[in-house]
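Down below is the structure, laid out as structure tokens.
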Amino acid sequence: MENLVIHGTYFTSKNMNEVESHEDHLICIDRCGTITRTLSPTNDEYSQILNDARQTERLIELKTNQYLLPGFIDLHVHAPQWPQAGLALDLPLADWLNHYTFPLEAKFADSHYARYVYQDFVHQLLSHGTTTAMMFGTIHNDANVELARQSIMQGLRAFVGQVVMDNPEQTPEYYRNQSSTTALHATEQFIKKIFALAKKTSSTVVPVITPRFVPSRTDEALTGLSQLARQYDLPVQSHLSESDWEHGYAIKRFGIHDTAVMDHFHLLTKKSVMAHGTQLTEDDLTLLRQRETTIAHCPISNIYFGNGVLPVRKLLAHGNSIGLGSDISGGYLPSLYHNIRQAIKSSQMLTDGVDSSLPATVRGVKDSRITMANAFYLATVGGAKALQLKTGKIAPGFQADFQIVNDHQTLMKLSSADIFQRLMYQTEQQDIQSVYVAGKKVYERE
Ligand code: GUN
Ligand code: FE
């Protein structure tokens with residue numbers, strides 16, 4: 001017998017170009033939080049299952065204006081930067097890091113402060129419809145463990161990274177690992193603590209190898225981190241070719257692009273997620289494709305720091321792995337709805353800067369636009385594939401990670417396909433009614 005049945009209309013990606021809508025369906029979920037089957041009203045067992053679930057109070061009945069969507073997967077987010085979300089985004093990246101971000105992250109040496117911030121931040125992610133997040137923490141072991149603990153307590157599927165930044169030339173004295181040896185030791189301690197916590201709580205929290213970006217770390221740290229990633233078979237996260245400044249730094253220090261630097265240190269794997277990539281060349285993209293490394297597209301943040309637009313449509317067509325990230329606080333809100341919208345808007349504004357074969361006077365690159373179905377795919381299936389999770393889709397065999405959203409407009413009767421578009425454009429935090437992870441309610445709007 002099903003443990004839980006949801007009755008209503010749902011939307012899910014069919015593939016990267018199409019979204020399916022299923023009206024008035026039943027979604028059956030077992031005790032482990034896996035979707036076992038979905039039934040249309042024409043199915044012989046439909047009425048029986050609906051009645052049984054109703055009588056035994058295992059039914060979630062969506063109201064007429066409510067819709068079910070997969071939970072979103074945020075592939076790139078800095079949890080400690082939540083207190084400064086929406087600040088100083090008119091500064092260049094290096095100034096923003098040195099004057100705002102590093103001083104704030106240094107405060108997480110105090111694990112009480114970490115708890116105070118992370119408790120709120122995990123709640124914010126869930127209340128925006130995000131059910132899985134790949135997060136940067138700080139260089140502080142205890143604070144990062146606190147982030148994992150809050151995620152477990154509140155039910156977020158979490159990937160948590162212990163940040164490494166040990167290069168004295170590009171990091172301030174008050175916020176850096178004292179040496180590559182201490183950074184590697186702290187990372188290994190962190191991995192062990194997270195494994196122990198996951199075992200004790202039977203949770204799915206995963207530690208992530210997290211070299212911040214090429215300017216902030218030494219060669220010794222990169223070598224050691226790739227060894228740890230291999231030894232413990234862990235995901236890797238970092239920033240890649242985010243801005244002209246960062247891209248130029250790698251060329252100056254190593255004589256090659258930062259993608260090649262990361263590959264030289266064996267940090268591009270099929271479990272790696274690299275944020276931004278607005279300066280990536282064809283060769284870089286080919287290398288990422290060969291390594292099956294995912295790019296976390298952070299369209300809001302890229303507006304501020306990216307000095308370019310990621311050519312998402314080209315990446316999808318070429319078979320690069322790609323998902324979506326809020327990049328709090330390079331992005332100002334933990335909402336993947338806002339990032340879905342910006343991904344579409346940015347794709348429509350692609351200009352000559354992304355294609356060096358075009359003269360500078362030419363505005364626009366042919367066929368660069370992405371659709372709502374493409375952007376929704378990035379926020380759901382794209383992210384799930386990157387993290388090798390069975391989530392992001394409403395279909396048998398997938399985890400029951402959902403959001404139930406309210407549509408307020410009733411002025412005109414719309415097709416399901418149009419309702420989907422409007423939900424994507426208009427849903428805000430207050431429109432999200434409830435959120436589920438593995439069939440368990442993790443958020444309900446008051
Ligand atoms: N590059 C290095 N660190 C950061 C960060 O915290 N945010 C962004 N957007 N880029 C970075
Ligand atoms: Fe970032």
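Numbers for the structure displayed
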| read-out | value |
| --- | --- |
| Test result for LEU324, at pLDDT below 95, under 22 Å from the mean Cα position of the chain (by Cα), under 23 Å from LEU93 (Cα atoms) and buried (at least 24 other Cβ atoms within 10 Å of the Cβ) | no |
| Every residue from the stretch 81-91 that is in contact (Cβ under 8 Å) with a residue 24 or more places away in the chain, surrounded by fewer than 15 Cβ atoms within 10 Å (Cβ to Cβ) and touching a Phe, Trp or Tyr at 6+ places or on another chain (Cβ under 7 Å) | GLY86 |
| Qualifying residue in the stretch 99-110 (condition: in contact with a Ser or Thr (Cβ under 7 Å, 6 or more places away or on another chain) and at negative phi) | yes |
| Residue ranges of strands (runs of 3 or more DSSP E) in the stretch 359-446 with at least 2 members of a type in the set (D, E, K, R), closer than 21 Å to SER127 by Cα and more than 18 Å from the chain's Cα centre (by Cα) | 440-444 |
| Residue ID - farthest from PHE159 (Cα to Cα), chosen from residues in the stretch 83-123 that are away from ligand 2 (no atom under 16 Å from the Cβ) and in a loop (DSSP other than H, G, I, E, B) | ASP90 |
| Some residue of the stretch 204-214 being surrounded by 24 or more Cβ atoms within 10 Å (Cβ to Cβ) and touching a Pro at 6+ places or on another chain (Cβ under 8 Å) | yes |
| The stretch 28-67, subset surrounded by 15 or more Cβ atoms within 10 Å (Cβ to Cβ) and part of a loop (DSSP other than H, G, I, E, B), residue nearest to the chain's Cα centre (by Cα) | GLY33 |
| Answer residue from the stretch 268-282, given it is out of contact with any Asp or Glu (no Cβ under 7 Å at 6 or more places or on another chain) and away from ligand 2 (no atom under 16 Å from the Cβ) and is nearest to PRO299 (Cα to Cα) among those | THR281 |
| Looking only at the stretch 232-257, and only at residues there that are within 14 Å of ligand 2 (Cβ to nearest atom) and of a type in the set (Asp, Glu), the one that is surrounded by the most Cβ atoms within 10 Å (Cβ to Cβ) | GLU242 |
| Subset of the stretch 305-337 [within 14 Å of ligand 2 (Cβ to nearest atom), in contact with a Leu (Cβ under 6 Å, 6 or more places away or on another chain) and within 23 Å of LEU285 (Cβ to Cβ)] | PHE305, GLY323, LEU324, GLY325 |
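Every residue, every condition in (1) hydroxyl-bearing (Ser, Thr, Tyr); (2) away from ligand 1 (no atom under 16 Å from the Cβ); (3) modelled with pLDDT of 95 or more, yes or no:
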site: ALA229; (1), (2), (3): no, yes, yes
site: ASP233; (1), (2), (3): no, yes, yes
site: HIS239; (1), (2), (3): no, no, yes
site: HIS247; (1), (2), (3): no, no, no
site: ALA250; (1), (2), (3): no, no, no
site: ASP263; (1), (2), (3): no, yes, yes
site: ALA275; (1), (2), (3): no, no, yes
site: THR278; (1), (2), (3): yes, no, no
site: THR294; (1), (2), (3): yes, yes, yes
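The values are calculated or read from the model by the stated rules, or taken from the named source; none is laboratory data. The structure displayed is predicted, hence computed values, not measured ones. Methodologically, a virtual Cβ is constructed for each residue, glycine included, from the backbone with ideal geometry; neighbour enumeration extends over all protein chains shown.
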